[in-house]
1. Looking at Ala601 and the list (1) more than 51 Å from the chain's Cα centre (by Cα); (2) at pLDDT below 90, which single condition is not satisfied?
2. With a cut-off of at least 3 residues that are modelled with pLDDT of 90 or more and surrounded by 13 or more Cβ atoms within 10 Å (Cβ to Cβ), name the helices (runs of 4 or more DSSP H) lying wholly within the stretch 215-318.
3. Taking the condition of being buried (at least 18 other Cβ atoms within 10 Å of the Cβ), among the polar types (S, T, N, Q) and under 23 Å from the mean Cα position of the chain (by Cα), how many residues in the stretch 334-353 meet it?
4. I'm trying to understand the selection: among the residues of the stretch 468-488, which are of a type in the set (A, V, I, L, M, F, W, C), surrounded by fewer than 21 Cβ atoms within 10 Å (Cβ to Cβ) and more than 28 Å from the chain's Cα centre (by Cα)?
5. Name every residue in the stretch 577-612 that is in a helix (DSSP H, G or I) and among the aliphatic types (A, V, I, L, M), in order of residue number.
6. For residues in the stretch 423-455 being within 24 Å of His487 (Cα to Cα) and in a loop (DSSP other than H, G, I, E, B), which is modelled with the lowest pLDDT?
7. So which residues in the stretch 550-576 are assigned to a helix (DSSP H, G or I) and either open to solvent by 60 Å² or more (accessible area, probe 1.4 Å) or within 12 Å of Leu538 (Cβ to Cβ) (or both)?
8. Confirm whether Ser435 is closer than 23 Å to Ala474 by Cβ, in contact (Cβ under 8 Å) with a residue 24 or more places away in the chain, among the small types (Gly, Ala, Ser) and open to solvent by 20 Å² or more (accessible area, probe 1.4 Å).
Amino acid sequence: MEGPRTIWRRTIGLDDHANDDRLYMHLVHSLFTSKSSLYSSNIMGLAVSIAAYLITGDVLFILAIAATIVFGGWRVKTVHDFAALRNAAATRRAYEKFDEAFFLSSLPFGLTIGLVSWRLISSPPAAEGHALAAAAAIGYAMGFVARNAGRPRLVIGQVVACLGLFAVGYAFNHEKFGQLYVAMLLGAMITNISVAISLYKNIVSVYYAAAETEFLAHYDKLTRLVNRFTFQNLVTGAIENDGGKPFAIMFVDLDKFKDINDTLGHSVGDAVIREMARRIQDCVGDMAQIARFGGDEFLIKLNQGESNSVIAAAQRLLTTLSLPYSIGPNVVRTTASLGVSRYPDHGRSVEELIKKADIALYEAKQDGGAGSRIFDEEIENKINEIRKIETAMRAGIENGEFTPFFQPIYSLKSREIVQFEALARWDNPAFENISPAVFIPIAENAGLIDEIGAQILHRACAAAMNWPDDVGLAVNVSAKQFRRPAHLFSIVVKALRETGLSPKRLNVEVTESLLISDPAATRKMIDQFSLLGVRFSLDDFGTGYSSLSYLKDFPFKKIKIDKSFTDTMATHPASASIIRAVSQIASDIHLDVIAEGVETAEQESLLASFGVKYGQGYYFSRPVPEAVASAFFDKPRRAQSA
């Protein structure tokens, strides 16, 4: 329940900053920054009391003279005591002592000025006395506002004591124009109080702006954890001062965090980051220093370097961070990955330790995520090779080194080419014969797959314009490309428009993993492409979490049976039965079936007997460059292998 002080502060428009020790001490310090103004107000108060006595001869003003000397002296002593002790009095309690002393001395001092003014007004009419009263009350009040803007409590007390008493005195002793003068005095009182509060708010806003700037130099705004620069200083200090005591550096982040931002928005992503920081603190806070490195990445200095302790802490973290995140109406499910380096085994500087923890994290990601890895030299060599490939791929994109090779798909009945599948190849002498199975995942993780895919698609569409109009083009699209549907759509539209290829000749192949990860978004994307005229095939059917519902729920035109079934159908009855059943179901719902990996005449014959319409594999042709693919049509299109 709110106390009277809080309610009062809110009523007059002040935020309650009482619990901010640094701000409080800053404002108290402002009371004692100008000794000269304090001396001048003391002298003015004493002079007013003496002048009042000389004008009126009233002995009560002798008491006022004594009061101004006593309370003015008390104020001066408080200022000098603070100046002498403020370097040692670095606690809030000590500052409160000086704050209270100054308030208790200043309030009766201001009250004395107010009483002197009132008494002058009450005396027989004398122009000089009334002028002195007005000058004393108004001048003191305005001076106090200017000098003590940072302490509204003091200002309001002084202004009410001076101008309030003066206004009351005038109201009781002067009927002529009394109400007008009282209104003017009360207006001056309210104006001074308003000015004091406005100045206070400005001082506080400037203070907090400066404090926030200072804070952000060392801390992260979203999580309030230290930032990486402060973390590096802390770790460097530990290395220099702890005498070689072992510890571990952990580099941790969430898997596929970008998907959370892309699908649910950055506000949900920020909430997940804050919850992630809280979980890390709860899990290892007592034995670690924690920093936000950036994005969803966190650094942890674990003050335990033994392998068993590190592994146990890593497992606790991964388990905790992989629990569902309840963010408003959303329940976010994800996993985390973690990389570890140890001091002094893996480095003797903070930069080296962070780098090697990052390398270990990268390896954990490459392994599929949801796990941890401790740095070793083998990992470093592997990561260095991957990064070398990444660098070369970036240059390769600029140089147009990514080209399509084409593998024909034949009708098993007519043995004519009905389609070519475009397969990515990288023409780089330093990485000669590098498999797409190697460089495509690296491109996906490095965020390069969109640019490579765009190059492959454009060149493949241009090549297809040299084929007969009834020969189609199949291209593979990865799940990473589908996560940016608008961008993918624009790439396809641009390739078709610039090459002139009919959308009906283009067939996009997707895998089951894409359907599992986000079926609603995938269906929406496929429908959008279908309106354009582009067709879709389900690739590698049978290798994932195969579901016949995919064939019902998605407008596929073809399904491709994975090579693993073709390889074993002659020796494993189950493989043969699966191919036969899929072929029959596809026929019933008007889908075409393509069998991958056809390498022998026996396989071709079996597939045809099972009702499979189309085949693809080395038995017919390996993937070939564009010129060789076009040369297929310089002679009869029928396959010559059998």
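1. (2)
2. Working: elements: 228-241, 257-264, 266-284.
Because the criterion is at least 3 residues that are modelled with pLDDT of 90 or more and surrounded by 13 or more Cβ atoms within 10 Å (Cβ to Cβ), the helices (runs of 4 or more DSSP H) in the stretch 215-318 that meet it are 228-241, 266-284.
3. To start, the set of residues in the stretch 334-353 that are buried (at least 18 other Cβ atoms within 10 Å of the Cβ) comprises 334, 336-343, 346-347, 350, 353.
Okay, now just the ones that are also among the polar types (S, T, N, Q), so 334, 337, 341.
Pick out the ones that are also under 23 Å from the mean Cα position of the chain (by Cα) and you get 334, 337.
The number of residues fulfilling the criteria is 2.
4. Val471
5. As a first pass, look at the stretch 577-612 and keep what is in a helix (DSSP H, G or I): 577-588, 601-609.
Once the filter is applied, which keeps residues that are in a helix (DSSP H, G or I) and among the aliphatic types (A, V, I, L, M), the stretch 577-612 yields Ile578, Ile579, Ala581, Val582, Ile585, Ala586, Ala601, Leu606, Leu607, Ala608.
6. Among those that are within 24 Å of His487 (Cα to Cα) and in a loop (DSSP other than H, G, I, E, B), it is Gly447.
7. If we filter the stretch 550-576 for residues that are assigned to a helix (DSSP H, G or I), which is where we start, we get 550-553, 563-568, 573-576.
Residues satisfying the conditions are Tyr550, Leu551, Lys552, Asp553, Lys563, Asp567, Pro573, Ala574.
8. On the way: closer than 23 Å to Ala474 by Cβ: yes; in contact (Cβ under 8 Å) with a residue 24 or more places away in the chain: no; among the small types (Gly, Ala, Ser): yes; open to solvent by 20 Å² or more (accessible area, probe 1.4 Å): yes.
Taking the combined requirement at face value, the residue does not satisfy it.
The values are calculated or read from the model by the stated rules, or taken from the named source; none is laboratory data. Everything numeric here is computed off the predicted structure, so don't read it as measured data. Because the Cβ atoms are built from the backbone with ideal geometry, glycine has one as well, and the counts that use them run over all protein chains shown. Accessible surface areas use protein heavy atoms only, side chains included; no ligands, DNA or RNA. Shrake-Rupley method; radii C 1.70, N 1.55, O 1.52, S 1.80 Å.
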